[in-house]
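Notes to accompany the following structure.
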Amino acid sequence: MRTLFLLFMALIVMGLSGCGYNRFQSADEQIKASWSEVLNQYQRRADLVPNLVSTVKGEAAFEQQTLTQVIEARARATAIQATPELVNDPDAFQKFQQAQGQLSGALSRLLVVSENYPKLKANQAFRDLQAQLEGTENRITVARNRYIQAVQEYNVAVRSFPSNLTAMLFGYKPKANFTVENEKEISRPPAVNFQAAPAAPAAPGAGK
């Protein structure tokens, strides 16, 4: 009797393995790890924004609308509770990526506008924050790409026969992924130019 039980269990294990159960387990863990890294990098960027805004505020003539857009975009992005379960909720995932995309756009505009302020560009603190932001954006791109690949492999398994039978049996469902349009917008790091701005033309009568 014991021998039959062991044989039965062995057949079950072999059947699950053949139908992709272990594959789902491995893929699910890879997605969790990839998603965690995406969140870490987005949080790193969010943490840079207050110091960046504070430094830019030191430039009295800087466009307040641009600063306000960055502050509001960060508030929207950090207001969303980004948990591991977010990848299982397409609607919540879409809101999350839209909020992050808005923050990316606001930060890009701030850096572009900063080109018009030579004094601000010469500020060492601002230059350091620019470099940190650029590095973080690159890390976000890498982390997102890893997540996208992990989800693609998982979703293919969920929809393909015979592994889709295992997915239905154990409740594995397709997970949300970044859209192509959103990927083009977010994965483009802000253009950071550390070259000195051309000197402004002297005002008429200056130096007299």
Residue that is nearest to the chain's Cα centre (by Cα), among those in the stretch 119-148 that are among the polar types (S, T, N, Q) and in a helix (DSSP H, G or I): Thr141
Any hit, the stretch 144-165, residues being surrounded by 17 or more Cβ atoms within 10 Å (Cβ to Cβ), at pLDDT below 90 and under 29 Å from Phe24 (Cβ atoms): yes
Hits in the stretch 166-194 - residues which are part of a loop (DSSP other than H, G, I, E, B) and either among the hydrophobic types (A, V, I, L, M, F, W, C) or at pLDDT below 85 (or both): Ala176, Phe178, Thr179, Ser187, Arg188, Pro189, Pro190, Ala191, Val192, Asn193, Phe194
Sole residue being modelled with pLDDT of 90 or more, β-branched (Val, Ile, Thr) and part of a helix (DSSP H, G or I), chosen from Ile12, Ile71: Ile71
Lone qualifier among Ala122, Ala197 - being farther than 18 Å from Arg45 by Cβ, out of contact with any Cys (no Cβ under 7 Å at 6 or more places or on another chain) and modelled with pLDDT under 50: Ala197
Asn116, sole failed condition from (1) part of a helix (DSSP H, G or I); (2) under 20 Å from Phe62 (Cβ atoms): (1)
Some residue of the stretch 36-46 being buried (at least 16 other Cβ atoms within 10 Å of the Cβ) and among the small types (Gly, Ala, Ser): yes
Residues within the stretch 90-134 that are surrounded by 19 or more Cβ atoms within 10 Å (Cβ to Cβ), farther than 30 Å from Val151 by Cβ and among the aromatic types (Phe, Trp, Tyr), tallied: 1
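The values are calculated or read from the model by the stated rules, or taken from the named source; none is laboratory data. What you see is a predicted model; the values in this text were computed from it and never measured. Glycine also receives a Cβ, built like all others from the backbone with ideal geometry; neighbour counts cover every protein chain displayed.
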